[in-house]
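Only one structure is covered here, and it is reproduced in the block below.
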Amino acid sequence: MHKILLLTVSLFLISGCNDNPTQQKQPPTLHVDTLTLQYKNTRLSSELPGRISAIKEAEVRPQVSGIITERLFKEGKEVKQGDVLYQIDPATYQANVNSAEATLNRTLADQNVAKKTLNRVAELAKKKLSSQQDFDDAQAAYEQATAEVAVSQSALDYSNILLSYTQVTAPISGRIGISQVSEGALVTAEQSNYLTTIQQINDVYVDMSQSSLSLLKLKREFPRNKDHEQERKIPVDIKMEDGTGYPVQGYLEASDISVDESTGSMTLRAIVSNPNNELLPGIFVRATIYSPSEKDYIVIPQSTVVRSQTGEPFVYIANDKNIVEKRAISLGNEMENNWIVLDGLKEGEHVIINNLQKIKEGAPVVIDNATPPVDGSSDDQSAASE
């Protein structure tokens, strides 16, 4: 009887446990959408900030001192090399020229007398009517007179040079800027303040800064022409400050010969034609440097990329068994709202694109929708660097 009672109580307890409403249940499987990866044919590019500078720029300064008597140019217009820009009062310098000319005439007369004397002494010496000492003295006098002529001629040349400097001329052809002085101003020789500036802007430079590593990769994309041993021209597109594109394409002209130790960057210089003088020195632009050809790349939306605590990028993918895998990736250039993936993913894999905060590695998922691949195959679409 006692055994029967114990069996009944055990069965009751077991039945009660099965009916317990607090029994734990397995959480529902998470539903996600995925992106099926495919290679996209695209042309990489690198967008850099740049500043416009003139091909040639000259600061005009006076080379003699004096009062400005006239300004002979119109500000903002084109001038040619050698055009007279300013006239400095030439009176003092003209007087110096006149004095140097008089001195030269005197020394020429002295030279003429010394030459005649030498000729007479030479004739007397032939007839034994003059001593060798007289001949030597006459020859020395003539040579000294000739040297005085040379000195006087140099002084005259120098005075003429100073007189010519009273006309301040354009050292280069180009567009002239605003004058910093007016008529009546006193200027001094080789003063630090310039009178005006002249710039050649029919073609302009675009100076940019890029990391030395990125520049090395770019140069490797453009191998030398084996037939002519010349580097291929690297095209550069310009975007104005307001975001509009500049209609003329430029080309990479040169790069600096050293790397900035503090930033690890180098200065790049492109040259672009400026027929309408739209690109003015000093303005900022965005310069896009393109790779030579299109290649196949894996492209994923930026929203699918998750960063670890150390900043390393990774994505979640759903494998063939619909199990979540965490995949570390290496990112390349940025292309609008997408990333170029250099390593870590391959064609045909399924990248999870939503519920990224809820999923965990190793958890099963239900794929509701396989999103078409990222559209990046357009011919006019390019990938820009960070």
Hey, Phe135 among the aromatic types (Phe, Trp, Tyr), outside the structural domain of Leu280 (by TED's automatic domain parsing) and in contact with a helix residue (DSSP H, G or I) (Cβ under 8 Å, 6 or more places away or on another chain) or not: yes
Residue match in the range 302-324 (condition: under 18 Å from Thr42 (Cα atoms) and in the same structural domain as Ile359 (by TED's automatic domain parsing)): yes
Flag for Gln81 being in contact with a helix residue (DSSP H, G or I) (Cβ under 7 Å, 6 or more places away or on another chain) and polar (S, T, N, Q): no
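Would you check if Asn98 is surrounded by fewer than 17 Cβ atoms within 10 Å (Cβ to Cβ) and modelled with pLDDT under 90?
Values: surrounded by fewer than 17 Cβ atoms within 10 Å (Cβ to Cβ): yes; modelled with pLDDT under 90: no.
Considered against the rule, which asks whether it is surrounded by fewer than 17 Cβ atoms within 10 Å (Cβ to Cβ) and modelled with pLDDT under 90, Asn98 comes out as no.
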First in the range 117-135 and closer than 20 Å to Thr146 by Cβ, second anywhere and at pLDDT 85 or above and of a type in the set (Val, Ile, Thr), Cβ under 7 Å, 6 or more apart: Asp134/Val121; Phe135/Val121
Given (1) outside any helix (DSSP H, G or I); (2) at pLDDT below 95, number of the condition Val168 does not satisfy: (2)
Test: residue in the range 4-20 that is surrounded by 11 or more Cβ atoms within 10 Å (Cβ to Cβ) and either over 30 Å from Lys346 (Cα atoms) or modelled with pLDDT of 95 or more (or both): no
Strands (runs of 3 or more DSSP E) fully within the range 308-360 counting 3 or more residues that are touching an Asp or Glu at 6+ places or on another chain (Cβ under 8 Å) and within 18 Å of Thr29 (Cα to Cα): 313-318, 324-328
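Out of curiosity, is Lys80 under 60 Å from the mean Cα position of the chain (by Cα), more than 24 Å from Gly184 (Cα to Cα) and surrounded by fewer than 18 Cβ atoms within 10 Å (Cβ to Cβ)? Break it down stepwise before answering.
Values: under 60 Å from the mean Cα position of the chain (by Cα): yes; more than 24 Å from Gly184 (Cα to Cα): yes; surrounded by fewer than 18 Cβ atoms within 10 Å (Cβ to Cβ): yes.
It is true that Lys80 is under 60 Å from the mean Cα position of the chain (by Cα), more than 24 Å from Gly184 (Cα to Cα) and surrounded by fewer than 18 Cβ atoms within 10 Å (Cβ to Cβ).
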Failed item in (1) of a type in the set (Asp, Glu); (2) assigned to a helix (DSSP H, G or I); (3) under 30 Å from Lys56 (Cα atoms), with Glu101 passing the rest: (3)
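Under the condition of being in contact with a strand residue (DSSP E or B) (Cβ under 7 Å, 6 or more places away or on another chain) and within 11 Å of Thr166 (Cα to Cα), which residue from the range 54-69 is surrounded by the fewest Cβ atoms within 10 Å (Cβ to Cβ)?
Going residue by residue through the range 54-69, those that are in contact with a strand residue (DSSP E or B) (Cβ under 7 Å, 6 or more places away or on another chain) are 54-60, 62, 64-69.
From the residues that got through so far, the ones that are within 11 Å of Thr166 (Cα to Cα) too are 62, 64-69.
Numbers: Pro62: 21, Val64: 21, Ser65: 18, Gly66: 21, Ile67: 13, Ile68: 20, Thr69: 15.
Result: Ile67.
The values are calculated or read from the model by the stated rules, or taken from the named source; none is laboratory data. All figures in this text were calculated on a predicted structure; none of them were measured in a lab. Positions of Cβ are backbone-derived with ideal geometry, glycine not excepted, and every protein chain shown enters the neighbour counts.
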